[in-house]
1. Under a Cβ-only charge scheme (Lys and Arg +1, Asp and Glu -1), can you give me the dipole magnitude of the chain about the Cα centre, in debye to the nearest 20?
2. What number do you get for region 78-145 when its Cα radius of gyration is normalised by 2.2 N^0.38 Å, N = residues?
3. Would you list the membrane-span-like helices of the chain, meaning whole DSSP H runs whose alpha-carbon atoms span at least 15 Å along their axis and whose mean Kyte-Doolittle value is at least -1.0?
4. Running a GNM on the chain with Cα contacts under 10 Å, which residue among TRP144, TRP174, TRP49 ends up with the highest mean-square fluctuation?
5. With a 1.4 Å probe and every protein chain kept in, tell me what percent of the accessible surface of the chain is carbon plus sulfur.
6. Using the Cα centre as the reference, give the magnitude of the dipole from point charges on the C-beta atoms of region 88-137 (Lys, Arg: +1; Asp, Glu: -1; all else neutral), rounded to the nearest 20 debye.
7. Would you mind working out the magnitude of the charge dipole of region 38-148 relative to its Cα centre, with +1 at each Lys and Arg C-beta and -1 at each Asp and Glu C-beta, to the nearest 20 Debye?
8. Can you give the accessible area of ASP163, probe radius 1.4 Å, in Å² rounded to 10?
Amino acid sequence: MTHDDQKGPESTDSTRPPTPARLRRERERAEARESILSAARDVARRDGWDAVTMRRLADEIEYSANFAYRYFTGRDDILLALVREGFARLREAMTTAAEGQADTAVEAVRRASHAYLDFALAEPDVYQLMYGLGGVRVPATDAWDEGQAVGDVLTGLLAAAGDSEPERHVLRLWATAHGLIALLVVGRVGVDADGLHALLEDALTDCLTRALPAAHTPGPSPEPTQRTPQTP
């Protein structure tokens, strides 16, 4: 048998479409993983992230204590999967918001920024885990690429709008949005969701006025740096 003959079957197998049995196994594996992640989110929502343990999850999904170990190496692996999934869904939400009903590049920036806040308000437990606000920390380096992809959404939108320093302004907007959420979590701000969006909108107006003075008009005053209200 020649060397080429030895490689032949492997090459054929690599290009062969997956069998129905393999597709079924992959589907069942994905469903099992999702059931475990869903149980972890439910437990955290009720009792906090400290309550998420392998034994607790086994009880939650009514399987043996070893079931979750077939799909995750342990609790930390589950938390990391949730963080990565959270960043992916946050990025998708921001991208979708920017693409929908945004008449201008500036409007796309606004919609994406408010979508960030909406995600944090709608899924506070997952958001807290993503950013270490829930008493349990997942090392930032373990999900660095996923977190960076969220920032890249705004960076790209600002650059498309003509911002010459998009990274700097993304950091400023992120600090504002995340700061508002963190203050809400610890009970330091007494405003509702509409109030938080209004505060973020103020920060967006100020930031966009500085970043894109030619594309954004902050108010009745023709001077983009004017910060005091104008009388009619």
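The values are calculated or read from the model by the stated rules, or taken from the named source; none is laboratory data. Here the structure is a predicted model, which is why all the values come from computation and not from measurement. Positions of Cβ are backbone-derived with ideal geometry, glycine not excepted, and every protein chain shown enters the neighbour counts. The area values use the complete protein model at the heavy-atom level, side chains included, leaving out ligands, DNA and RNA. Shrake-Rupley method; radii C 1.70, N 1.55, O 1.52, S 1.80 Å.
1. With Lys and Arg at +1 and Asp and Glu at -1, about 380 debye.
2. That ratio works out to 1.21.
3. Helices meeting the span and hydropathy rule in the chain are 75-99, 105-122, 144-161, 166-185, 193-211.
4. In the Gaussian network model the winner is TRP144.
5. 51 percent
6. Rounded to the nearest 20 debye, it is 200 debye.
7. 180 debye
8. Rounded to the nearest 10, that gives 10 Å².
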